[in-house]
1. Under 18 Å from the Cα of Lys309, which lysines turn up, not counting those fewer than eight places away in the same chain?
2. Hey, what did the stretch 59-152 get for relative contact order, percent, Cα under 8 Å, at least 6 apart?
3. Counting each DSSP H run of 4 or more residues in the chain as -39500 (n - 2.57), what helix-only mean residue ellipticity at 222 nm follows after dividing by all residues, to the nearest 500 deg cm²/dmol?
4. So what is the relative contact order for the chain, in percent, with contacts set as C-alpha pairs under 8 Å and at least six apart?
5. Compute the Cα gyration tensor for the stretch 67-125, then decide on rounded, prolate or oblate, letting a ≥ b ≥ c be the square roots of its eigenvalues: rounded whenever a/c is under 1.5, prolate when a/b is larger than b/c in the other cases, and oblate in all that remain.
6. If you place +1 on the Cβ of every Lys and Arg, -1 on the Cβ of every Asp and Glu, and leave all else neutral, what size is the dipole of the chain about its Cα centre, to the nearest 20 Debye?
7. Can you put Ser248, Ser224 in order, fewest other beta carbons within 10 Å first?
8. Over the stretch 157-301, calculate the relative contact order: mean separation of alpha carbon pairs under 8 Å at least 6 apart, over the residue count, as a percent.
Amino acid sequence: MESLPVPSVQAMVAATGEADVPPRYLRPAEAVTGIVNGEGEAQIPIIDYRRLLLELDRRGEESARLHQACQEWGFFQLINHSVPDDVVEGMKANIQQFFQLPAETKKLFAQERGQLEGYGQLFVVSEDQKLDWADMLYLYTQPPESRNTKFWPDQPVNFRSTLDRYSGAVKEIADSLLATMAENLGLKQEVIADRCVGGVQSVRMNYYPPCAQADKVIGFSPHSDADLLTLVLQVNHVQGLQIKRNGSWFPVRPVEGALIVNIGDIFEIFTNGRYRSIEHRAVVDPKEERLSSAAFHSPNIDATIGPLKELTADEDEAYKTVDHENFMRLFFATKLEGKSFLDRMKLKYSGSS
Ligand code: OGA
Ligand code: NI
């Protein structure tokens, strides 16, 4: 990986709930509020994992609903998933406890210059860039040999073993969803599955402190995820995730026990735009902290990132083809700005690339 600027330690740790927000975190009002559209009581689609499993290899009603969710929303909530309750509860408790540790302890796991993993902030590429009102811990979790355990907290005591179990359980779900999604697109399951043997998984744990001026900061800048498929665990009861839908910000209301799943940029590229990654952001609460954890799933590091030949026999390729390592390097070297990264992967992009 190229050396990336890592923010100073002061900049890394967001202030907590004080009235005075450092200028580097203050955003223009229109950048924070935007138009928030509740669409009445509408909710992102809910997909039942147990039903999907029963339908694997013989597409049925739930698979059809998944196809629709992927085409029309790019986001859905997965209920009846297979991550054991004790693993989910263990992850939630550990993430909460980790972020409550004294700053000195958390810094033992801090990002190092030029590296992505560890405790801090990501996508900080210049000194004058606005910062997100959040701290995060980012770790590679799969394949197991990619783990850099020096960044894995050893407190709470079962942090590592719980993350290990969570990582495996969530990867299994991602692989199974990808199998159904491949079939829904008329592909053989192997077309995607083969690229995900030894697939890369990373887990990002997010801590959004409360902010007295919550309407002037952003917890997570608008972005789309760079991966194939992201599975998000809502760690506490505070909401904040919003997705861009018909030009407005649409709040996600997490269903108890569900995982929030979304399509990433690599899926959009693989499918030549049939399924699109969706821009999303996180806002912060004036009084309560919010915690979440995102597990990102990508093909293995040897896979080429470009439109799948099986889908482009009769159409033009709309995206460039690059190797996986270069793709990731480009992604992390850019500040998050909606889907601007994916725009640069488009073949008809007219700006500088
Ligand atoms: C992410 C993300 C949203 C959230 O980690 O990529 O979009 O709800 N998180 O914290
Ligand atoms: Ni995201």
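1. Lys309 reaches Lys188, Lys320, Lys346.
2. For the stretch 59-152, the relative contact order is 18 percent.
3. Working: 11 runs with 99 residues, N = 353.
So the calculated ellipticity at 222 nm is -8000 deg cm²/dmol.
4. 22 percent
5. Details: a/c = 3.68, a/b = 1.50, b/c = 2.45.
Oblate, because a/c is 1.5 or more while a/b does not exceed b/c.
6. That gives a dipole near 400 debye.
7. Sorted ascending by nearby Cβ count, the order is Ser248, Ser224.
8. Values: 265 pairs, mean separation 52.8, N = 145.
Normalised by residue count, the contact order of the stretch 157-301 is 36 percent.
Every number here is computed from the coordinates shown, using simple stated rules; none is lab data. Here the structure is a predicted model, which is why all the values come from computation and not from measurement. Note: ideal-geometry Cβ built from the backbone for every residue, glycine included; neighbour counts use all protein chains shown.
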